[in-house]
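Each remark here refers to the structure printed beneath this line.
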Amino acid sequence: MTKVLAFNKWDCSGIKVKDPGLVRYINVNPVIVPKTGARYAGNRFHKSKLFIVERLINRVMNPGHKGKKHFKTSYHVTGKGANALWIVEEALKIIEQKTKKNPVEVFVNAIENAAPREEIITIEYGGARYPKAVEMAPQRRVDTALKFFVQGAYHKAFNKRISAEESLAREIIGAYDSSGDSLAISKKFELERQADASR
């Protein structure tokens, strides 16, 4: 039986998700071309069935807003799947060159390191608003980590000499190393610090 490799390059069979809360929400079953074309759209928790690299590709197509404001945009944010797929594949190649490890495994570990465990919501009592710390749902933890990866990469590549794929690779490696240089790690610490302060 032929083994399926991610991008026909990387073996994902030995990758294990160590965080028990995220095991059901990070799918590491590889596909050669991670593009399902919205096959699972409309189904509850459909995102969890997608190969985790495809979820990153979908996020690269639309980084989303930053701080409830329109985020910087560039020609990379075109909504074109082929362009986003190329950026992610090149970023994985850079990760492999720099870490000498399986880049998909590095990416999965980076998500586990960068996924926040708590966040702040606002509750209202008698016209006054108060912050309240709540636990973050596991699927939202993964979504938030992916969002911070892509936003951090675009922020560092926008109007700079560094390319989008190089910037994305640095962001993921920074999260893998739990480095404060990664936006995802710094945002995670900030969120958890705010949640701790509002107990």
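The values are calculated or read from the model by the stated rules, or taken from the named source; none is laboratory data. This one's a predicted model, so the numbers in the text were calculated from it and none came from an experiment. Don't worry about glycine lacking a Cβ; one is built from the backbone with ideal geometry, like all the others, and counts go over all protein chains shown.
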Which residues, counting only those in segment 20-30, are assigned to a loop (DSSP other than H, G, I, E, B) and in contact with a Leu (Cβ under 9 Å, 6 or more places away or on another chain)? PRO30
Under the condition of being more than 19 Å from LEU85 (Cα to Cα) and of a type outside the set (S, T, N, Q), which residue from segment 165-178 is surrounded by the most Cβ atoms within 10 Å (Cβ to Cβ)? ALA175
Hey, GLN139 in contact with a Lys or Arg (Cβ under 7 Å, 6 or more places away or on another chain) and farther than 19 Å from LYS18 by Cβ or not: no
Might you check whether a residue that is within 19 Å of the chain's Cα centre (by Cα), in a helix (DSSP H, G or I), of a type in the set (Gly, Ala, Ser) and under 23 Å from SER13 (Cβ atoms) occurs anywhere in segment 86-102? yes
Residues to consider are ALA195, ALA157; find the one that is of a type in the set (Gly, Ala, Ser) and modelled with pLDDT under 85. ALA157
Please enumerate the residues belonging to segment 38-63 that are surrounded by 13 or more Cβ atoms within 10 Å (Cβ to Cβ) and outside any helix (DSSP H, G or I). TYR40, LEU50, PHE51, ASN62, PRO63
Give me the pairs: first residue in segment 1-25 and loosely packed, with under 15 Cβ neighbours inside 10 Å, second residue of a type in the set (Asp, Glu), beta-carbon distance under 7 Å, and six or more apart or on different chains, which are they? LYS3/ASP11; LYS18/GLU112
Might you let me know whether segment 120-127 holds any residue that is surrounded by 14 or more Cβ atoms within 10 Å (Cβ to Cβ), of a type in the set (D, E, K, R), assigned to a strand (DSSP E or B) and modelled with pLDDT under 90? no
Which one of these does TYR130 not meet: (1) part of a strand (DSSP E or B); (2) surrounded by 21 or more Cβ atoms within 10 Å (Cβ to Cβ); (3) hydroxyl-bearing (Ser, Thr, Tyr)? (2)
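Which of the residues belonging to segment 159-196 are under 16 Å from VAL60 (Cβ atoms) and assigned to a helix (DSSP H, G or I)? Outline the logic, then answer.
As a first pass, look at segment 159-196 and keep what is under 16 Å from VAL60 (Cβ atoms): 162-172, 175, 183-184.
Within segment 159-196, ALA164, GLU165, GLU166, SER167, LEU168, ALA169, ARG170, GLU171, ILE172, ALA175, LEU183, ALA184 meet the criteria.
Residue-by-condition table, conditions (1) more than 19 Å from GLU90 (Cβ to Cβ); (2) crowded, with 23+ Cβ neighbours inside 10 Å; (3) in contact with a helix residue (DSSP H, G or I) (Cβ under 9 Å, 6 or more places away or on another chain):
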| site | (1), (2), (3) |
| --- | --- |
| GLN151 | no, no, yes |
| LYS156 | no, no, yes |
| SER163 | no, no, yes |
| GLY180 | yes, no, yes |
| LYS188 | yes, yes, yes |
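Scan PRO116, PRO103 and give me the residue that is surrounded by 14 or more Cβ atoms within 10 Å (Cβ to Cβ) and touching a Phe, Trp or Tyr at 6+ places or on another chain (Cβ under 7 Å). If you could, list the steps in order and put the result at the bottom.
On the way: PRO116 fails: touching a Phe, Trp or Tyr at 6+ places or on another chain (Cβ under 7 Å).
Going through PRO116, PRO103 in turn, just one is surrounded by 14 or more Cβ atoms within 10 Å (Cβ to Cβ) and touching a Phe, Trp or Tyr at 6+ places or on another chain (Cβ under 7 Å): PRO103.
Which residue, of LYS16, LYS3, is at pLDDT 85 or above and either assigned to a loop (DSSP other than H, G, I, E, B) or farther than 27 Å from GLU135 by Cβ (or both)?
Result: LYS16 is the single residue among LYS16, LYS3 that is at pLDDT 85 or above and either assigned to a loop (DSSP other than H, G, I, E, B) or farther than 27 Å from GLU135 by Cβ (or both).
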